[in-house]
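Here is the structure we will look at.
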Amino acid sequence: MYQWLKIHQNMRTGLVMSFEGDNEIAGWAFIYDQSLAVQAFVKFSDFDRARKNLRFFSRDAKTGGGLYYNAYYVNDGSPAEYTIHCGPNIWLGIAALQYTVKTGDKEYLDMAERIANAVMDIQSEDKDGGIRGGPTVNWFSTEHNLDAYAYFVMLHKITGNPKYIRAAEKTLSWLIQHTYDRQELPVKRGKGDSTIATDTYAWSIAAIGPATL
């Protein structure tokens, strides 16, 4: 898989192609996938490739309201999809933090904080402290809020800034109210949505931890 990622990274933009063989989205680089690619490069200590990818988002990528679009074209870096969702943006920030911790290089920490601040602006609009799926949608995803909780905790550990732990506490409070509110029901996929999604179980354990759960 690491070799596949290397082969499919555009060395001019630093972006890694998300799919091979799907003509409808040929040459697209979804930002969630870029997060996973960066973390794979970091895992293999291939910091040059990780930096190429993160540098695109730090310096070149067009944004909307402080957040990144869901997908960009690999070859020229222009937006391929003008939808903005919080979860993929948070994962991009998580990749930047993983790189920061592993290398000690804080060049992309500012980018991670910009993402966090934009997400916290969305959080401030909800009286319960929840994070909507994006700036132009009304739905709330359990997965996105778990992403945010883990992200804010990581940022607090790295920066020591208390605003991040306060944001994490608000997110956890929202999760308690809207997804873990009844013991006899499964973890809800989102606010008002009791559909079963298995990632909410695995990610709950990893993001929050068994003791807190």
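List of remarks:
- Accessible surface of the chain [probe 1.4 Å, protein heavy atoms]: carbon and sulfur percent: 51
- Taking label points 7 Å from Cα along the Cα-to-Cβ direction, residue 196 and residue 55 give a separation of 4.8 nm.
- The chymotrypsin sites (Phe, Trp or Tyr not before Pro) of segment 68-108 that DSSP puts in a loop, and whose beta carbon has at most 12 other beta carbons within 10 Å, are 82.
- Structure remark: mean-square fluctuation, Gaussian network model of the chain, C-alpha springs under 10 Å; the largest value among 96, 197, 71 belongs to 197.
- With protein chains left intact and a 1.4 Å probe, residues in the chain average 49 Å² of accessible area per residue.
- Sparsely packed GluC sites (Glu not before Pro) within segment 119-213, loop by DSSP, other Cβ within 10 Å at most 15: 125, 184
- When segment 129-213 is described by a simple charge dipole with +1 on each Lys and Arg Cβ and -1 on each Asp and Glu Cβ, the residue from 131, 206, 175 located farthest towards its positive end is 131.
The values are calculated or read from the model by the stated rules, or taken from the named source; none is laboratory data. Quantities reported herein were computed from a predicted structural model and do not represent experimental measurements. A quick note on method: Cβ atoms are made from the backbone with ideal geometry, for glycine too, and the neighbour counts reach across all protein chains shown. When the accessible area is computed, the model is the full protein with side chains, heavy atoms only, and any ligands, DNA or RNA have been set aside. Shrake-Rupley method; radii C 1.70, N 1.55, O 1.52, S 1.80 Å.
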